[in-house]
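The values are calculated or read from the model by the stated rules, or taken from the named source; none is laboratory data. On a predicted model such as this, the values are computed, not experimentally measured, just so you know. We place every Cβ from the backbone using ideal geometry, glycine too, and count neighbours over all the protein chains shown. Note: accessible area is taken over every heavy atom of the protein model, side chains too, but ligands, DNA and RNA are not part of it. Shrake-Rupley method; radii C 1.70, N 1.55, O 1.52, S 1.80 Å.
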Amino acid sequence: MPAGEGLKMALDKRYEPGGIEPKWSAHWEASGAFRCGQRPDAETYCIVMPPPNVTGSLHVGHALDCTIQDILIRFERLRGKDVLWQPGMDHAGIATQMVVERQLDAEGLNRRDMGREAFVERVWKWKEESGGAIARQLRRLGASCDWSRERFTMDEGFIRAVQKKFVDLYNDDLIYRDKRLVNWDPGLLTAVSDLEVEQKETDGHYWHFRYPIEGEEGEAKEGRYVVVATTRPETMLGDTAVAVHPDDKRYADIVGKHVILPLVGRRIPIVADQWVDPEQGSGAVKITPAHDFNDFEVGKRHDLEMVNIFDQHAVLNDAVPEAYRGLDRFEARQRVVADMEAAGLVEKIEPHAHTVPTGDRSGVPIEPWLTDQWYVAAEVLAKEAIAAVEDGRTKLVPKTWEKTYFEWMRNIQPWCVSRQLWWGHRIPAWYAEDGSIFVAESEDQAYELARAKLGDDVKLRQDEDVLDTWFSSALWPFGTLGWPEDTGELARFYPGSTLVTSFDIIFFWVARMMMDGLHFMGEVPFRTVYIHALIRDEHGQKMSKSKGNVIDPLEFSDKYGADALRFTLASMEAQGRDIKLAESRIEGYRNFATKLWNAARFCEMNNCTGGAGDFNPAAANATLNKWIVGETALAAGRVTAALEAFKFNEAADAIYHFTWGTFCDWYLELSKPALQGEDSDEKTETRRTTAWVLDQILALLHPFMPFITEELWHAMAEQRSSDLILGVWPELPEGLVDKDAAAEIEWVIRMVSEIRSARSELNVPGGAKIPAVVRGAGEATLARLASHGGLVRRLARLENLEASDAAPGEGDAQLVVDEATVVLQLAGVVDFAEERARLQKSIDKADKEIKALSGRLKNPQYRNKAPAHVVEEAEARLAEEQAAKAKHAAALERLG
């Protein structure tokens, strides 16, 4: 269905998103609307999509991420820019390997029996057949990425980029091999990043052990001990020191002396170190440098021995006494405690709730483990990345996240980038038999280097490990554009304009892209980083399958339409505030889509179609049309300013209230006499104005609700020069605002709104037409009554509306609009005595609720003990009751 070929159709009576959305998604992609490079002379705008895992399926966080990016992309595309939204997927090393290993396990197979090559082939086969479902799901939400450029972090070009990055960093002395502590997962048998470690609350114990102080003869001195506490007794077998604070006078006389390590007999020093907290426990701390990150740093400062007591399975090795060798760490814990008790060296045991670092995929407690790994000198690369945010080359929005970024970057540690997996980018390092290491982009190049140093007979073996997934994804902003080749896309679209992401990967991805972009490209990878909210359930609870409160974006897209889901997410995306998502909100914005659909049907039935054409909004003559033209200009300005400032909730709010309130509820209602009257210049102008305003609404709303707006765009005109997705963003001058016309129509709206409110408060039957008079009207009000009294009567359902100086009588209700008093003559329509009694009863009931809720909320115990969402609900109910009381009191006052 190409643009401009007579796509106009009669609108169905009901809005059915299920029949609209798939049609336009397929059409846009087939027509090339998403492709970059179609406006070679235009300003560029580029977003790189955070690559979802190839194993992933769409969750509500992805939906928010996708919605925000697509809003920005469609907004800038409509503004005439050459946009690129670069899509792709991440190979997700551990996650993908686990998926395939589970499949093999179900088939009775094991990857180690298969061998590396066969296993990797099996993973590629799975990827081609089952991976990437999330890309199809993103299309369902309307993601207008340039899908023709979709990349994968292990495609041929990315493999080349990753190899070059590793080799270049190695040659710059920024990658090296070292023996350091890592997060070791004994279940997966690999090092893992901090992001893959969960802190799980556990009820454990503090074991307080006595370490005998060495006497003059080199043996334990009878009767004198240092007491240390631990939650992991088995690690004492690897202790190489006891540390105390240098200012702790309790231990001043023994610093520099030694204790005899129980069960082992090892002589270990007592050292003074600022890291120790003298207020914690006994003020003395056991130091196990090979199995604790803090202890490792203490060990380096004091040149302590590093005794590694575990193998890769977290089983005790030959570095411990024979009685403990071969025991699992938890079996060893029980044995150590029993042996210490038997030796009389347990001071006390206390219950202790603490967190245990646990592998998020294996579910196994993580073990800090001393092992040889590859490291990036992140502390060197971080310096320029810190400066780039400090000097504004890259801005974080909201700005409050800069503090988090700086805190992490200024305390950054060497980055362990090797993983003991088979799926991923294999480390391009080869080892000779003498231990020499040759780092090169290919095996042939490695042999060239090795032969030049060791002769032609040299034999090499490649490193078995693969690189951390974040190592490759850090190249995403320029690797996807063709780097290390000098491509046209790289020159045109780097650096990117905006990155949209969540706060939890600021360190793991954003910071590393900053470091790589500055090091390899000499420029920041993006000008702005927008950090969006976390989505919780309607009570503010984190979503989880176990709680049964997960919202499936695909399910709700099918139920209410992707447009409704997108608009909901945008309307709730306020900077710095988590989203509390309820199904009722999505349903509400489906109703908004229905409202727009019905408004378009009204326009169609009244021949307000044909598009804006050559309509000149500045030439409108009728007061009503001048007013709506000005309101459209103001709304366009508000939406534009909000989107430019990444205030998505304000942008959504502006277009929502303009569409539903200003256009549908007021303009279309006020225009009915002109549209449904005799043919006239005013009728023609009103039709054309209505068509023009609807076009502006569709364009302003398109980034949020692309499907329904594209459908209505074509339904409203026989011919369109292009699809709406490639249309023009409304940039309307403030000169279109006619202050006199605005004053006239705003008076009508105030008058009608006040009368309607009074009717509602006083229980006036909806069908009753009541007489009314206006007292104390000034010249402006009298003139407006003459010009617009008929509109007010029709919309407020009044029998008549006349100026009068007569005093109000029995059965009259009064309300004030500007300087005038409107008197509604309700005798015979409303029983005033009954109504006063009803209103007083409502006020009394509200008072009772207000008193109860206020008392509850003033109670500190209630606020401290009740769940946050319960307190918030009580606060909301209090506000509702106070508003209801005020409303009823105002109504009672109207009755005199």
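Annotations
- Within segment 271-284, restricting attention to residues that are among the small types (Gly, Ala, Ser) and assigned to a loop (DSSP other than H, G, I, E, B), the residue that is surrounded by the fewest Cβ atoms within 10 Å (Cβ to Cβ) is Gly281.
- For Cys608: the one exception among (1) open to solvent by 20 Å² or more (accessible area, probe 1.4 Å); (2) at pLDDT below 95; (3) over 24 Å from Lys739 (Cβ atoms): (1)
- Here is the figure for segment 371-392: residues that are assigned to a loop (DSSP other than H, G, I, E, B) and under 23 Å from the mean Cα position of the chain (by Cα) total 1.
- Check on Glu669, farther than 28 Å from Ile73 by Cβ, acidic (Asp, Glu), in contact with a Leu (Cβ under 8 Å, 6 or more places away or on another chain) and open to solvent by 50 Å² or more (accessible area, probe 1.4 Å): yes
- Breaking point among (1) surrounded by fewer than 17 Cβ atoms within 10 Å (Cβ to Cβ); (2) touching a residue at least 40 places away in the same chain (Cβ under 8 Å); (3) part of a helix (DSSP H, G or I); (4) more than 39 Å from the chain's Cα centre (by Cα), for Leu839: (1)
- For segment 39-63, a residue qualifies if it is modelled with pLDDT under 95, open to solvent by less than 10 Å² (accessible area, probe 1.4 Å) and outside any loop (DSSP other than H, G, I, E, B), and exactly one does: Ala63.
- Among the residues of segment 441-470, those that are under 27 Å from Phe520 (Cα atoms) and in a strand (DSSP E or B) comprise Gln462, Val466, Leu467.
Residues checked against (1) modelled with pLDDT under 95; (2) more than 23 Å from Leu668 (Cβ to Cβ):
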site: Gln541; (1), (2): yes, yes
site: Ser546; (1), (2): yes, yes
site: Leu569; (1), (2): no, yes
site: Lys580; (1), (2): yes, yes
site: Ala612; (1), (2): yes, no
site: Thr623; (1), (2): no, no
site: Trp627; (1), (2): no, no
site: Arg638; (1), (2): no, no
site: Phe648; (1), (2): no, yes
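- Close contacts from segment 562-584, counting a first residue that is closer than 16 Å to Ile531 by Cβ and a second that is of a type in the set (Lys, Arg) and assigned to a loop (DSSP other than H, G, I, E, B), with Cβ to Cβ under 9 Å and a gap of 6+ residues or different chains, come to Glu573/Lys647; Ala574/Lys647; Gln575/Lys647.
- Within segment 338-361, restricting attention to residues that are in a loop (DSSP other than H, G, I, E, B) and more than 25 Å from Val227 (Cβ to Cβ), the residue that is least open to solvent (accessible area, probe 1.4 Å) is Asp360.
- Just one of the listed residues (Ala768, Ala777) is surrounded by fewer than 16 Cβ atoms within 10 Å (Cβ to Cβ) and part of a loop (DSSP other than H, G, I, E, B), namely Ala768.
- Scanning segment 318-337 turns up no residue that is assigned to a strand (DSSP E or B) and touching an Asp or Glu at 6+ places or on another chain (Cβ under 6 Å).
- Filtered by the rule that a residue be free of Cβ contacts under 8 Å to residues at least 12 places away in the same chain and in contact with a strand residue (DSSP E or B) (Cβ under 9 Å, 6 or more places away or on another chain), segment 373-430 gives no residues.
- Candidates Ala868, Ala820 - the one that is of a type outside the set (Asp, Glu), within 22 Å of Ile770 (Cβ to Cβ), in contact with a Gly (Cβ under 6 Å, 6 or more places away or on another chain) and touching a residue at least 40 places away in the same chain (Cβ under 8 Å): Ala820
- Odd one out for Ala807, checked against (1) closer than 30 Å to Lys841 by Cα; (2) of a type in the set (A, V, I, L, M); (3) crowded, with 20+ Cβ neighbours inside 10 Å: (3)
- Residue within segment 260-271 that is touching a residue at least 60 places away in the same chain (Cβ under 8 Å) and under 44 Å from the mean Cα position of the chain (by Cα) present: no
- Matching residues in segment 506-550 - criterion: being closer than 25 Å to Ala377 by Cβ and either charged (D, E, K, R) or open to solvent by 30 Å² or more (accessible area, probe 1.4 Å) (or both): Phe507, Arg512, Asp516, His519, Phe520, Met521, Gly522, Glu523
- Yes/no for Gly88 being modelled with pLDDT of 90 or more and open to solvent by 20 Å² or more (accessible area, probe 1.4 Å): no
Listed here are the residues, each with its yes/no results for (1) over 11 Å from Val817 (Cβ atoms); (2) at pLDDT 90 or above; (3) open to solvent by 20 Å² or more (accessible area, probe 1.4 Å).
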{"position": "Ile745", "(1), (2), (3)": "yes, yes, no"}
{"position": "Arg756", "(1), (2), (3)": "yes, yes, yes"}
{"position": "Leu762", "(1), (2), (3)": "yes, no, no"}
{"position": "Ala786", "(1), (2), (3)": "yes, yes, yes"}
{"position": "Val792", "(1), (2), (3)": "no, yes, no"}
{"position": "Leu795", "(1), (2), (3)": "yes, yes, no"}
{"position": "Leu798", "(1), (2), (3)": "yes, yes, no"}
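- Hey, Arg793 in contact with a helix residue (DSSP H, G or I) (Cβ under 9 Å, 6 or more places away or on another chain) and either among the charged types (D, E, K, R) or closer than 18 Å to Gly766 by Cβ (or both) or not: no
- Test: residue in segment 402-419 that is of a type in the set (A, V, I, L, M, F, W, C), in a strand (DSSP E or B), under 24 Å from Ala92 (Cα atoms) and open to solvent by less than 40 Å² (accessible area, probe 1.4 Å): yes
- Residues of segment 868-877 include at least one that is under 30 Å from Arg759 (Cβ atoms), part of a helix (DSSP H, G or I), charged (D, E, K, R) and out of contact with any Lys or Arg (no Cβ under 8 Å at 6 or more places or on another chain).
- Among residues of segment 613-624 being closer than 19 Å to Leu700 by Cβ and not hydrophobic (A, V, I, L, M, F, W, C), the one that is least open to solvent (accessible area, probe 1.4 Å) is Pro617.
- Applying the criterion of being without any contact (Cβ under 8 Å) to a residue 24 or more places away in the chain and of a type in the set (A, V, I, L, M) to the residues of segment 823-836, the residue that is nearest to Glu810 (Cα to Cα) is Ala827.
- Checking segment 471-490 against the condition returns a match, with at least one residue being assigned to a helix (DSSP H, G or I) and surrounded by fewer than 17 Cβ atoms within 10 Å (Cβ to Cβ).
- Per the listing Ile287, Ile268, Ile254, the residue uniquely surrounded by fewer than 22 Cβ atoms within 10 Å (Cβ to Cβ), closer than 23 Å to Val336 by Cβ and among the hydrophobic types (A, V, I, L, M, F, W, C) is Ile268.
- No other residue among Phe704, Phe658 is in contact with a helix residue (DSSP H, G or I) (Cβ under 7 Å, 6 or more places away or on another chain), modelled with pLDDT of 95 or more and part of a loop (DSSP other than H, G, I, E, B) apart from Phe704.
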